[in-house]
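Comments concern the structure below.
The values are calculated or read from the model by the stated rules, or taken from the named source; none is laboratory data. Everything numeric here is computed off the predicted structure, so don't read it as measured data. Please note: Cβ atoms are built from the backbone with ideal geometry, for glycine as well, and neighbour counts cover all protein chains shown. For the accessible areas, the whole protein counts, side chains as well, though only heavy atoms, and no ligand, DNA or RNA atoms are used. Shrake-Rupley method; radii C 1.70, N 1.55, O 1.52, S 1.80 Å.
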Amino acid sequence: MEQYELIRSRRRTLSLEITPECRVLVRAPARLPREAIDDFVLRHADWISRHLERQRRRQLSAPPPPTPEEIASLKEKALEVLPGKVAHWSQVMGVTPAGIKITAARKRYGSCSGKNSLCFSCFLMRCPEEAVDLVVVHELCHILEKNHGPRFYALLERVLPDYRERKKLLQ
């Protein structure tokens, strides 16, 4: 049986997670007996080994983490490129963001706060220009539509009819 890290809480169900560092996490109800948890892990041994192997392959093919110099360079480029793109697309769409911020976020390329402030990851600068425009327009659409409902996607498609193809360019 694979070694796992147990996290107990007030939840009602068991769950498995393979972390990016290839650790196996099991989340379990606080009072569930250890034998039941071990049995659950044994029943899911195939799933665990498949996903551990997938995560190990992902780790081997992943590029090395960026250096502070690379991050600084990407932020500098983002500060040169993104304000102009936001200004252009804001004018096209007739919206005004409250502000623009550049971060080194790794999990998402952009976000729009409830107060209409836009935030972009400097790593967006690694993507093709068409994909950068998509992220900018996507976040500007959130000024008018705060969720990802049908009206949001209708608005996005009105501004960028080819947004589906552009989305494929995001890395």
Requested in this report: From Arg126, Arg108, Arg166, grab the single residue that is among the basic types (Lys, Arg) and surrounded by 20 or more Cβ atoms within 10 Å (Cβ to Cβ).
Outcome: Arg166
**Report entry** Residues satisfying the stated conditions in region 23-34, i.e. assigned to a loop (DSSP other than H, G, I, E, B) and either touching a residue at least 12 places away in the same chain (Cβ under 8 Å) or closer than 20 Å to Arg56 by Cα (or both)
**Finding:** Arg23, Ala30, Leu32
Query raised in the report: If we scan region 101-117, do we find a residue that is over 25 Å from the mean Cα position of the chain (by Cα), outside any helix (DSSP H, G or I) and polar (S, T, N, Q)?
Result: no
Query raised in the report: In this structure, is Pro20 modelled with pLDDT under 95, open to solvent by 80 Å² or more (accessible area, probe 1.4 Å) and in a loop (DSSP other than H, G, I, E, B)?
Result: no
Query raised in the report: What number goes with the only condition from (1) part of a loop (DSSP other than H, G, I, E, B); (2) open to solvent by less than 90 Å² (accessible area, probe 1.4 Å) that Lys146 does not pass?
Result: (2)
Report task. Take the residues in region 8-17 that are within 26 Å of the chain's Cα centre (by Cα) and part of a loop (DSSP other than H, G, I, E, B), then tell me which one is surrounded by the most Cβ atoms within 10 Å (Cβ to Cβ). Result -> Leu14
**Report entry** All positions within region 99-155 that are small (Gly, Ala, Ser) and touching a Ser or Thr at 6+ places or on another chain (Cβ under 8 Å)
**Finding:** Gly99, Ala104, Ala105, Gly110, Ser121
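Can you name the residue in region 149-171 that is in a loop (DSSP other than H, G, I, E, B) and free of Cβ contacts under 8 Å to residues at least 60 places away in the same chain and is also farthest from Leu79 (Cα to Cα) among such residues? Spell out the reasoning first.
Step one: list which residues in region 149-171 are in a loop (DSSP other than H, G, I, E, B), which gives 149, 160-162, 168-171.
From the residues that got through so far, the ones that are free of Cβ contacts under 8 Å to residues at least 60 places away in the same chain too are 149, 160-162, 168-169, 171.
On the way: Gly149: 30, Leu160: 23, Pro161: 27, Asp162: 26, Lys168: 24, Leu169: 21, Gln171: 20 Å.
Here the residue is Gly149.
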Requested in this report: Using the structure shown, decide if Ser121 is open to solvent by less than 20 Å² (accessible area, probe 1.4 Å), of a type in the set (S, T, N, Q) and touching a residue at least 12 places away in the same chain (Cβ under 8 Å).
Outcome: yes
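For (1) of a type in the set (A, V, I, L, M); (2) under 28 Å from Thr103 (Cα atoms); (3) assigned to a helix (DSSP H, G or I); (4) under 21 Å from the mean Cα position of the chain (by Cα), each residue gets a yes or a no:
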residue	(1), (2), (3), (4)
Leu6	yes, no, no, no
Ala36	yes, no, yes, no
Lys75	no, yes, yes, yes
Glu80	no, yes, yes, no
Lys85	no, yes, yes, no
**Report entry** Residue that is nearest to Val137 (Cα to Cα), among those in region 59-86 that are out of contact with any helix residue (DSSP H, G or I) (no Cβ under 8 Å at 6 or more places or on another chain) and surrounded by 12 or more Cβ atoms within 10 Å (Cβ to Cβ)
**Finding:** Pro83
Query raised in the report: Would you say Leu134 is more than 21 Å from Arg166 (Cβ to Cβ) and either assigned to a helix (DSSP H, G or I) or of a type in the set (Val, Ile, Thr) (or both)?
Result: no
**Report entry** Given (1) surrounded by 15 or more Cβ atoms within 10 Å (Cβ to Cβ); (2) not in a strand (DSSP E or B), index of the condition Asp46 fails
**Finding:** (1)
Query raised in the report: When region 34-73 is examined, which residues are found to be of a type in the set (A, V, I, L, M) and more than 28 Å from Ser9 (Cβ to Cβ)?
Result: Leu60, Ala62, Ile71, Ala72
